[in-house]
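The values are calculated or read from the model by the stated rules, or taken from the named source; none is laboratory data. Note that the structure is predicted; figures quoted are calculated from it, not measured. Reconstructed Cβ throughout: ideal geometry from the backbone, glycine too, with neighbour counts over all protein chains shown.
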Amino acid sequence: MQSCLITNNNIKFFHRCHSYIEVLAVIRHIPLLLQSHPKIQLIVIDSIAFHFRHDFPDMMARTGLLCRLTQELIQQATKFNIAVIVTNQMTTRIESAGSSQLVAALGETWGHCPTLRLTLHWSGRTRVATLTKAPHRNNSSVSYQVTVAGIRDLSNLSHEKATSIPEEIPEAKKRKLTSD
């Protein structure tokens, strides 16, 4: 059921799901995985939206299932003292008068299920993480940079370095940024 990749003495388990049924099976398997591998500290599900966006004609059934899955993941995170990150795809909502807005693919109802909601986006040439939902924190944003050494806070860097285009940005994105 799982594949294994070993790098730098860390074992990373991953499973590519081809349907929402496989997603359900993998999530239900997480407690067994954590019991047999107690050093695991992070579970990432990328993306929860992929299979659930199109395989469900009944939106109420989809919403109910996603909320139950979220509760199950929260219980597992609490029981095993791990972090769980679930990504959602973004889509464009066409508004009246031809305007558009970037929105979460699973809609607003899904946004109420997770405990925390963090939106990663670009502001000009800068990557920004915005906390948009948290039980004990106000909404806030922070600029960051992805480097070979990991994720770095830009508030500690000089303005010149913060506004330069990082090397990790794909060439297509660099071209778009320099043409702005």
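Worth pointing out:
One line per residue, one yes/no per condition, for (1) modelled with pLDDT under 85; (2) assigned to a loop (DSSP other than H, G, I, E, B):
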{"residue": "CYS4", "(1), (2)": "yes, no"}
{"residue": "ARG28", "(1), (2)": "no, no"}
{"residue": "PRO31", "(1), (2)": "no, no"}
{"residue": "ILE40", "(1), (2)": "no, yes"}
{"residue": "SER47", "(1), (2)": "yes, yes"}
{"residue": "LEU102", "(1), (2)": "yes, no"}
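- Scanning region 83-103 for residues that are over 11 Å from the mean Cα position of the chain (by Cα) and in contact (Cβ under 8 Å) with a residue 24 or more places away in the chain returns a single hit, ALA83.
- Among (1) in a loop (DSSP other than H, G, I, E, B); (2) at positive phi - the single one ALA97 does not satisfy: (1)
- Entry remark, region 55-82: residues being exposed (fewer than 10 other Cβ atoms within 10 Å of the Cβ) and among the hydrophobic types (A, V, I, L, M, F, W, C) number 1 in total.
Residue-by-condition table, conditions (1) assigned by TED's automatic domain parsing to the domain that holds VAL44; (2) more than 30 Å from LEU34 (Cα to Cα); (3) in a helix (DSSP H, G or I); (4) modelled with pLDDT of 85 or more:
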site	(1), (2), (3), (4)
GLN75	yes, no, yes, yes
THR78	yes, no, yes, yes
VAL84	yes, no, no, yes
ALA129	no, no, no, yes
ARG137	no, no, no, yes
LYS161	no, yes, yes, no
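- Among the residues of region 123-148, those that are loosely packed, with under 15 Cβ neighbours inside 10 Å and under 27 Å from THR70 (Cα atoms) comprise THR130, THR132, LYS133, ALA134, PRO135, HIS136, ARG137, ASN138, ASN139, SER140, SER141, VAL142.
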